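Asks: Have a look at this one.
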Amino acid sequence: MHAFHPPPKASRLRPAVAACLLVLGALRAWAHLGPPFPIIVDRPIPGYNVNVLSNPDVGQAVVIVVLDPKGSSPASPVNEVDVWSQAAAGRRTTAVRADHSTHDPTQYAASPFIDTVGPWTIGVDVHLADGTLRTLTAGVHATPPGVGPWGLLLFSAPIFLFGSLFVAVIVKRKRLRLSGRHSCAASAAAKT
């Protein structure tokens, strides 16, 4: 006859720890919507190669402008950098003055406003100290900013359904095991 021994406390905590790690991992993944990606790469203007990175989500898009000096000294210093966006329908948003990065004086960041999903043009106006203006443009496809709370609920519903099914199967197996042990103990007692 086999005696029933409850599982150690550590094995009882494993499902709870796994659930906590799953939830924390999902929250961290949800917080990260993706880094800006290059939309203009090494486009030359006098004294600089220009790189532009963007994350064109609807709302406040992220645009980073990096000016790489050509040679040891640039031909003309940069006075300011403006970033704008224009929908495919033709309406243009107000230009946003790009701010200097605190880490690198050749990096600028701006957040132009994008109000609809679809094709947009991101423009960068580089004002050089000699008075010239260089405009660079690139086409992007604006994406929704995220699924929001209702979308999160909708997409997490199948996970909860499969999780509850899994828990139901585990509970049923445990009940069958326990009822099988009690019936074996009862039949062994009846034989004696």
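Asks: Residue check, Tyr108 against (1) in contact with a strand residue (DSSP E or B) (Cβ under 7 Å, 6 or more places away or on another chain); (2) at pLDDT below 90, all met but one. Which one?
Replies: (2)
Asks: Output the qualifying pairs, or none if there are none: Cβ atoms under 6 angstrom, residues six or more apart or on different chains, first residue in region 66-94 and of a type in the set (Gly, Ala, Ser), second residue modelled with pLDDT under 85 and surrounded by 14 or more Cβ atoms within 10 Å (Cβ to Cβ).
Replies: Ser85/Thr93
Asks: Let me ask you something else. Can you name the number of the only condition in (1) free of Cβ contacts under 8 Å to residues at least 40 places away in the same chain; (2) over 26 Å from Pro56 (Cβ atoms) that Asp130 fails?
Replies: (1)
Asks: So, one more: Would you call Ala88 within 27 Å of the chain's Cα centre (by Cα), among the aliphatic types (A, V, I, L, M), under 17 Å from Gly139 (Cα atoms) and open to solvent by 60 Å² or more (accessible area, probe 1.4 Å)?
Replies: Details: within 27 Å of the chain's Cα centre (by Cα): yes; among the aliphatic types (A, V, I, L, M): yes; under 17 Å from Gly139 (Cα atoms): yes; open to solvent by 60 Å² or more (accessible area, probe 1.4 Å): yes.
For Ala88, the condition - within 27 Å of the chain's Cα centre (by Cα), among the aliphatic types (A, V, I, L, M), under 17 Å from Gly139 (Cα atoms) and open to solvent by 60 Å² or more (accessible area, probe 1.4 Å) - is met.
Asks: If you check Val63, Val83, Val52, Val96, which single one turns out to be modelled with pLDDT under 90 and surrounded by 18 or more Cβ atoms within 10 Å (Cβ to Cβ)? Before the answer, list the steps.
Replies: On the way: Val63 fails: modelled with pLDDT under 90; Val83 fails: modelled with pLDDT under 90; Val52 fails: modelled with pLDDT under 90.
The conditions single out Val96.
Asks: Within region 66-77, which residues are aliphatic (A, V, I, L, M) and modelled with pLDDT of 85 or more?
Replies: Of all residues in region 66-77, those aliphatic (A, V, I, L, M) come to 66-67, 75.
Correct list: Val66, Leu67.
Asks: Taking region 141-157, which residues are assigned to a helix (DSSP H, G or I), open to solvent by less than 60 Å² (accessible area, probe 1.4 Å) and either among the β-branched types (Val, Ile, Thr) or modelled with pLDDT of 80 or more (or both)? Can you show your working first?
Replies: As a first pass, look at region 141-157 and keep what is assigned to a helix (DSSP H, G or I): 148-157.
Now drop any that are not open to solvent by less than 60 Å² (accessible area, probe 1.4 Å), which leaves 148, 151, 156-157.
Listed by number, the residues that qualify are Ser156, Ala157.
Asks: Scan region 129-139 for residues that are part of a strand (DSSP E or B) and either open to solvent by 50 Å² or more (accessible area, probe 1.4 Å) or at pLDDT below 90 (or both) and jot them down. If you could, list the steps in order and put the result at the bottom.
Replies: Initial filter on region 129-139 (part of a strand (DSSP E or B)): 133-139.
Result: Leu133, Arg134, Thr135, Thr137, Gly139.
Asks: Which condition breaks for Phe162 when tested against (1) touching a His at 6+ places or on another chain (Cβ under 8 Å); (2) over 30 Å from Pro44 (Cβ atoms); (3) of a type outside the set (S, T, N, Q)?
Replies: All conditions are met except number (1).
The values are calculated or read from the model by the stated rules, or taken from the named source; none is laboratory data. Just so it is clear, the structure is predicted and the values come from calculations on it, not from any experiment. Cβ sites come from the backbone with ideal geometry, for glycine too, and all protein chains shown count toward neighbours. With ligands, DNA and RNA removed, areas are computed over all heavy atoms of the protein, side chains included. Shrake-Rupley method; radii C 1.70, N 1.55, O 1.52, S 1.80 Å.
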